[in-house]
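Derivation of every value follows stated rules applied to the coordinates shown; laboratory data play no part. None of the values given here were measured: they were computed from a predicted structure. No Cβ is skipped: glycine too gets one built from the backbone with ideal geometry, and neighbour counts run over all protein chains shown.
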Amino acid sequence: MEINGTGILDTFAEAFPVWLSRVVITAATQEWAYKAALEATGFATSKIGCPCEAGIEGEYSQQETTDGRAGVSILICSEKKNIKSHVASRISQCILPAPTASAFDGFPEATSRFFIRMHYFGDGYEERCTVGGRRCWKIPVMEGDYVGEERFGTVKGIAGGNFLVMGKDQRSALSGAEAAAGAIAGKRGVITGFAGGIVASGSKVGCNNYHFPMPASTNHPYCPTLKGRIRDSRVPDGVNSVYEIVLNGVDKASILSAMKTGIQAATETGNVLYIGATNFEGKLGKYKFYLHELFR
């Protein structure tokens, strides 16, 4: 199969279940909401080595937010038993200190809910208040008052949706990956948590050549510099650089839509030789996203 002259390999992306919480960050300006969101999603690219996975989902208009201010939403992804601590720590350490910022629950209809107990930061000076019909806390801080919710919802989602952008050289592959990440950015229901939405160092489960435990190591079949040195290379002829786009989302439909949008954008650059995907023959997760089915 070809799309815009780019070969679409007959393979699938493999993904696994995860729990997500959405935090809608508002502030006096869109810029400050974004700055708080950027800080709150730091060190959260992969559960391999980060406390959790997180990313900026998109912008909210003043008509969409609880307090009628500019907003930016983030998704925080984790095992269910740890989601509360991750949401609490990122709100308390990254959003509360950010100028004019507030945090509100983005899954108000979720049946699974938790309290982050942030009002204790008020040291007894905090007060209950209502904003947009939601129960919030008003916490005195040096700029005035921080106002935000304490009760957040969590829902089942999917982590690890992906596709590979393959080019004749680094510049070609990166331009395709940048177009893909740019097209996906801002789509509701998905995040691409790595820097710029792009992964340069894809990984596989475990390792092959060391005798001590490793959660992950370089995805050697897709390393172009190893082609010709290993028997299990999956790098097509003519490809000398590969980038991966990894997506987490609220459901299968959101990830499929984002994958199709990103792949379409990458192929339209004219710089991409092939689009592929990473999987572990179904051993990692129960979700399989077949590339050819995206365009049928």
Using 0.36 nm per residue, how much length does the chain from residue 204 to residue 216 gain when fully extended, once their Cα-Cα distance is taken away?
3.8 nm
What FRET efficiency, computed as 1/(1 + (r/R0)^6) with R0 = 41 Å and r the Cβ-Cβ distance, is obtained for residue 134 and residue 16, rounded to the nearest 0.05?
0.80
Could you tell me how many degrees, from 0 to 90 and to the nearest 10, lie between the Cα long axis of helix 252-267 and the main elongation axis, the longest principal axis, of the Cα atoms of the chain?
50 degrees
May I ask you to order 75-81, 125-131, 22-28 by the average number of other C-beta atoms within 10 Å around their residues, highest value first?
22-28, 75-81, 125-131
How high is the relative contact order of region 155-296, in percent, counting Cα pairs under 8 Å that sit 6 or more residues apart?
41 percent
If you filter region 258-296 for chymotrypsin sites (Phe, Trp or Tyr not before Pro), then keep DSSP loop positions with at most 16 other Cβ within 10 Å, what is left?
280, 295
Relative contact order of the chain: what whole-number percent is it, with Cα pairs under 8 angstrom and at least 6 residues apart?
26 percent
Tilt of helix 30-40 relative to the longest C-alpha principal axis of the chain, in degrees (0 to 90, nearest 10)?
70 degrees
Relative counts (whole %) of C-alpha pair distances in the chain, using bins that are 10 Å wide
7, 27, 31, 20, 12, 4, 0
Mark the label point 7 Å from the Cα of residue 252 along Cα→Cβ and return the residues of region 2-39 whose backbone N is within less than 13 Å of it.
15-17
Which residue, 37, 146, 21, has the largest displacement toward the positive end of the dipole of region 19-155 when charges sit on each Cβ (Lys, Arg +1; Asp, Glu -1)?
21
Considering the dipole of region 158-268 built from charges on the beta carbon (Lys and Arg +1, Asp and Glu -1) around the Cα centre, which of 208, 241, 162 is farthest to its positive end?
208
Between the DSSP loop rule and a limit of at most 11 other Cβ atoms within 10 Å, which trypsin sites (Lys or Arg not before Pro) in region 259-293 are left?
283, 286
What is the distance in Å between the Cα centres of region 1-23 and region 143-182?
13 Å
For helix 170-184, report the angle its Cα long axis makes with the longest principal axis of the Cα atoms of the chain; keep it between 0 and 90° and round to the nearest 10°.
40 degrees
Separation between the residue 237 and residue 48 pseudo-spin-labels, each 7 Å from Cα along Cα→Cβ, expressed in nm?
3.0 nm
Going Cα to Cα from residue 286, which lysines come in below 21 Å? Please leave out same-chain ones fewer than 8 positions away.
47, 80, 81, 156, 204, 252, 260
If you place +1 on the Cβ of every Lys and Arg, -1 on the Cβ of every Asp and Glu, and leave all else neutral, what size is the dipole of region 19-155 about its Cα centre, to the nearest 20 Debye?
480 debye
Sort 207, 52 so that the residue with the fewest other Cβ atoms within 10 Å of its own Cβ comes first and the one with the most comes last.
207, 52
